[in-house]
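The values are calculated or read from the model by the stated rules, or taken from the named source; none is laboratory data. The structure displayed is predicted, hence computed values, not measured ones. No Cβ is skipped: glycine too gets one built from the backbone with ideal geometry, and neighbour counts run over all protein chains shown.
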Amino acid sequence: MRLGDIYGADKMITVGSVQVAGVSYKSIGDPGTEFLEDLASKGATVKVLTYLNPAGMDLKDWKELGIPKDFAKNQLRIIDAFGKMGILITSTCTPYLAGNIPRFKEHIAWSESSAVSYSNSVLGARTNREGGPSALAAAICGVTANYGLHLWENRQPTVKIKVDADLIFNSDYGALGWYVGKQVKNKIPYFSGIKKADKDQLKTLGAAMAASGAVALYHIENITPEADLVETKGLEIIDVGKKEIKETYAKLNTGKHPDIVILGCPHASLREISIIAKKLEGKNLKKPVWICTSRTVKEAAQREGYNEIITRAGGNIVADTCMVVSPIEKMGYKTTGVNSGKAANYLPGFCKQEVYFANIDDLLEEQQ
Amino acid sequence: MKGRSISPGKAEGEAIVSSEPIGFYGGIDIKTAVVIEKGHPLEGKKVTDKILVFPFGKGSTVGSYVIYGLKKNNVAPRGIINKETETIVATGVILAGIPCIDQVDIRKIKNGDIIVLDADHGYCEIKK
């Protein structure tokens, strides 16, 4: 409620759903764990559909993946507290790929910066960048304060990005996003010159901008739903060409020859997994490849036979978690290969990893 | 300088100033309060007991928990001053009880300045 007062909200509004971030024990530590257990023990429960962000481990196969036991114990305490509050243990940063798809103009209260970006920009739903605890408060109350991106006048672009580069691989969109996020910080970019972008590419573009900057909403000419509705006259223009994309690849690359390749940041879609399965069919991996996704998408991948193909090649589809929030630095890995601008942003500082940032073909080639 | 109160309380301390935004999650170590983001202007510096001055937050929405954790681990900054405090930092400082104000011209504050922060009244003063 205090947030509403600060930001001059005229009223509280009902939210359609909530996404709660701050789930991994590695991220929130003992203080966060105790805070959540305290809330749960006081009987707090959620009033609206509430999904959960990734945990620090695969909640089913954590032993096989070598997760340290004391870490697992604390992680399960956190999951238990969320469960008691009535939150669905979806453990994914892509709720929109696991059954929670807000409609155009729907007010929601989501945390998870990449999901905030996707729901605002690709779906046209309306949310601020909620912090983990403020999203939780919105879930318990069923409402949020009416300010910021809930209001149409605040959804107008504040900078124009003219793109003149061929974007082929998803990692190209990740590099573009990382560069633009660094440049525009908390502005609302309006892109022109992006000729095509599927939803997986929009997912990685938005995630990178929300990690290197604080971009909660972007528009792309002829692609995103609000792009035709907003005012673009008189904006500052930033040009991004091949040179900037190439320099970003160089900047994000701090290591070579990865010990492990981890894909699925944000969590992989069924389409991304199907593409990886096709590339790995009949192959023999010498070094580990993880594909992070939600339990929902992993089960769909199992049904389609993708899981079997990937496992036979020596890879793993890892559910409920990701490379950033799991304790990979304690599992002996020093260099991680990724195709995600967001992962490349967080791995060096938070996970003490050197990063090999490349497109999916180069990454899989490295591990064979 | 007059600003807007985000989280109440009073504090006095030495300013540590970042011209770049801060992403607390992955940017500051929750146990040591040392800035760990590679290439950040404050990389390697410790924010404990300082008045932390930066334009606004960026990055992960888990940042609120990091701010709360810094306080619980007794390594938090004494106060925070922003150009614009967004929801993630606001949630963190309110939960942690760290005095915080925004809408201040932070360019006037230099590293090492002694700052008197009165977040109850949305006010701060450079004592030098």
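Just the residues that are buried (at least 24 other Cβ atoms within 10 Å of the Cβ), aliphatic (A, V, I, L, M) and either in contact with a Leu (Cβ under 9 Å, 6 or more places away or on another chain) or free of Cβ contacts under 8 Å to residues at least 24 places away in the same chain (or both), please, taken from the stretch A:190-208. A:Leu205, A:Ala208, listed by residue number. Among the residues making up the stretch A:75-112, those that are assigned to a helix (DSSP H, G or I) and surrounded by fewer than 19 Cβ atoms within 10 Å (Cβ to Cβ) are A:Leu76, A:Arg77, A:Asp80, A:Gly83, A:Lys84.
Rundown of residues vs (1) of a type in the set (Val, Ile, Thr); (2) modelled with pLDDT of 95 or more, yes/no style:
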position	(1), (2)
A:Ile6	yes, no
A:Lys11	no, no
A:Thr14	yes, yes
A:Val20	yes, yes
A:Tyr25	no, yes
A:Pro31	no, yes
A:Glu34	no, yes
A:Glu37	no, yes
A:Ala40	no, yes
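Residues that are among the charged types (D, E, K, R) and either touching a strand residue (DSSP E or B) at 6+ places or on another chain (Cβ under 8 Å) or in a strand (DSSP E or B) (or both) do occur in the stretch A:129-142. Among the listed residues A:Tyr51, A:Tyr25, A:Tyr96, identify the single one that is within 17 Å of the chain's Cα centre (by Cα), within 14 Å of chain B (Cβ to nearest Cβ) and among the aromatic types (Phe, Trp, Tyr). Residue meeting the stated conditions: A:Tyr51. Scanning the stretch B:18-35 for residues that are surrounded by fewer than 21 Cβ atoms within 10 Å (Cβ to Cβ) and either farther than 21 Å from A:Gly132 by Cα or hydroxyl-bearing (Ser, Thr, Tyr) (or both) yields B:Ser18, B:Ser19, B:Glu20, B:Thr32, B:Val34. The residues in the stretch B:77-107 that are assigned to a loop (DSSP other than H, G, I, E, B) and within 11 Å of chain A (Cβ to nearest Cβ) can be counted, and the count is 5.
For the stretch B:59-84, which residues satisfy the criterion of being over 15 Å from A:Gly32 (Cα atoms) and modelled with pLDDT under 95? Answer for the stretch B:59-84, where residues must be over 15 Å from A:Gly32 (Cα atoms) and modelled with pLDDT under 95: B:Gly59, B:Ser60.
Selection over the stretch B:46-61 of residues that are more than 10 Å from every other protein chain (Cβ to nearest Cβ) and of a type outside the set (Phe, Trp, Tyr) gives a count of 8. Is it the case that some residue within the stretch A:144-167 is among the small types (Gly, Ala, Ser), outside any helix (DSSP H, G or I) and on the phi > 0 side of the Ramachandran plot? No: the stretch A:144-167 contains no residue that is among the small types (Gly, Ala, Ser), outside any helix (DSSP H, G or I) and on the phi > 0 side of the Ramachandran plot.
Which count do you get for residues in the stretch A:203-218 that are touching a strand residue (DSSP E or B) at 6+ places or on another chain (Cβ under 8 Å) and either of a type in the set (Ser, Thr, Tyr) or farther than 13 Å from A:Val180 by Cα (or both)?
Our first condition is that a residue be touching a strand residue (DSSP E or B) at 6+ places or on another chain (Cβ under 8 Å); within the stretch A:203-218, this holds for A:209, A:214-215, A:218.
Subset that is either of a type in the set (Ser, Thr, Tyr) or farther than 13 Å from A:Val180 by Cα (or both): A:218.
Of the residues in the stretch A:203-218, 1 are touching a strand residue (DSSP E or B) at 6+ places or on another chain (Cβ under 8 Å) and either of a type in the set (Ser, Thr, Tyr) or farther than 13 Å from A:Val180 by Cα (or both).
Which ones in the stretch A:190-245 are small (Gly, Ala, Ser) and part of a loop (DSSP other than H, G, I, E, B)? Outline the logic, then answer.
Taking the stretch A:190-245 as the starting set, the residues that turn out to be small (Gly, Ala, Ser) are A:192-193, A:197, A:206-208, A:210-214, A:216, A:227, A:234, A:241.
Hits for the stretch A:190-245 are A:Gly193, A:Ala197, A:Gly213, A:Ala214, A:Ala216, A:Ala227, A:Gly234.
Restricting attention to the stretch A:17-48, the residues that are β-branched (Val, Ile, Thr) and part of a loop (DSSP other than H, G, I, E, B) add up to 4.
So which residues in the stretch A:225-246 are free of Cβ contacts under 8 Å to residues at least 40 places away in the same chain and farther than 27 Å from A:Arg155 by Cα?
Step one: of the stretch A:225-246, the residues free of Cβ contacts under 8 Å to residues at least 40 places away in the same chain are A:227-229, A:233-234, A:243, A:246.
The answer is A:Lys243, A:Lys246.
One residue alone among A:Tyr333, A:Tyr346, A:Tyr306, A:Tyr356 is in contact with a Pro (Cβ under 7 Å, 6 or more places away or on another chain) and among the aromatic types (Phe, Trp, Tyr), and that residue is A:Tyr356.
Out of all the residues in the stretch B:108-125, is one or more within 12 Å of chain A (Cβ to nearest Cβ) and among the aromatic types (Phe, Trp, Tyr)?
no
Counting the residues of the stretch A:271-296 that are of a type in the set (A, V, I, L, M, F, W, C), in contact (Cβ under 8 Å) with a residue 60 or more places away in the chain, assigned to a helix (DSSP H, G or I) and within 19 Å of A:Leu97 (Cα to Cα) gives 2.
Among the residues of the stretch A:127-164, just one is within 14 Å of another protein chain (Cβ to nearest Cβ), within 17 Å of A:Tyr190 (Cα to Cα) and crowded, with 17+ Cβ neighbours inside 10 Å, namely A:Leu149.
In this structure, is B:Ser64 within 11 Å of chain A (Cβ to nearest Cβ), touching a residue at least 24 places away in the same chain (Cβ under 8 Å) and part of a strand (DSSP E or B)? I'd like the intermediate steps shown before the answer.
Working: within 11 Å of chain A (Cβ to nearest Cβ): yes; touching a residue at least 24 places away in the same chain (Cβ under 8 Å): yes; part of a strand (DSSP E or B): no.
Against the criterion (within 11 Å of chain A (Cβ to nearest Cβ), touching a residue at least 24 places away in the same chain (Cβ under 8 Å) and part of a strand (DSSP E or B)), B:Ser64 does not qualify.
Checking each residue in the stretch A:232-260 for being under 24 Å from A:Asp166 (Cβ atoms) and either among the hydrophobic types (A, V, I, L, M, F, W, C) or in contact with a Gly (Cβ under 7 Å, 6 or more places away or on another chain) (or both) picks out A:Ile237, A:Ile238, A:Val240, A:Ile245, A:Ala250, A:Leu252. Search the stretch A:113-126 for residues being in a loop (DSSP other than H, G, I, E, B) and in contact with a Pro (Cβ under 7 Å, 6 or more places away or on another chain), and hand back the single one that is farthest from the other protein chains (Cβ to nearest Cβ). Filtering the stretch A:113-126 for residues that are in a loop (DSSP other than H, G, I, E, B) and in contact with a Pro (Cβ under 7 Å, 6 or more places away or on another chain), the one farthest from the other protein chains (Cβ to nearest Cβ) comes out as A:Gly124.
Working only within the stretch B:67-76, note down all residues that are at the interface with chain A (Cβ under 7 Å from one of its Cβ atoms) and either part of a loop (DSSP other than H, G, I, E, B) or small (Gly, Ala, Ser) (or both). Can you show your working first?
As a first pass, look at the stretch B:67-76 and keep what is at the interface with chain A (Cβ under 7 Å from one of its Cβ atoms): B:68-69, B:72-73.
Once the filter is applied, which keeps residues that are at the interface with chain A (Cβ under 7 Å from one of its Cβ atoms) and either part of a loop (DSSP other than H, G, I, E, B) or small (Gly, Ala, Ser) (or both), the stretch B:67-76 yields B:Gly69, B:Asn73.
Do you know which of the residues in the stretch A:56-73 that are in contact with a Phe, Trp or Tyr (Cβ under 8 Å, 6 or more places away or on another chain) and assigned to a loop (DSSP other than H, G, I, E, B) is nearest to the other protein chains (Cβ to nearest Cβ)? Please lay out each step first, then the result.
Just the residues of the stretch A:56-73 that are in contact with a Phe, Trp or Tyr (Cβ under 8 Å, 6 or more places away or on another chain), to begin with: A:56-57, A:71-72.
Checking which are assigned to a loop (DSSP other than H, G, I, E, B) leaves us with A:56-57.
On the way: A:Gly56: 12, A:Met57: 16 Å.
Filtering first and then ranking leaves A:Gly56.
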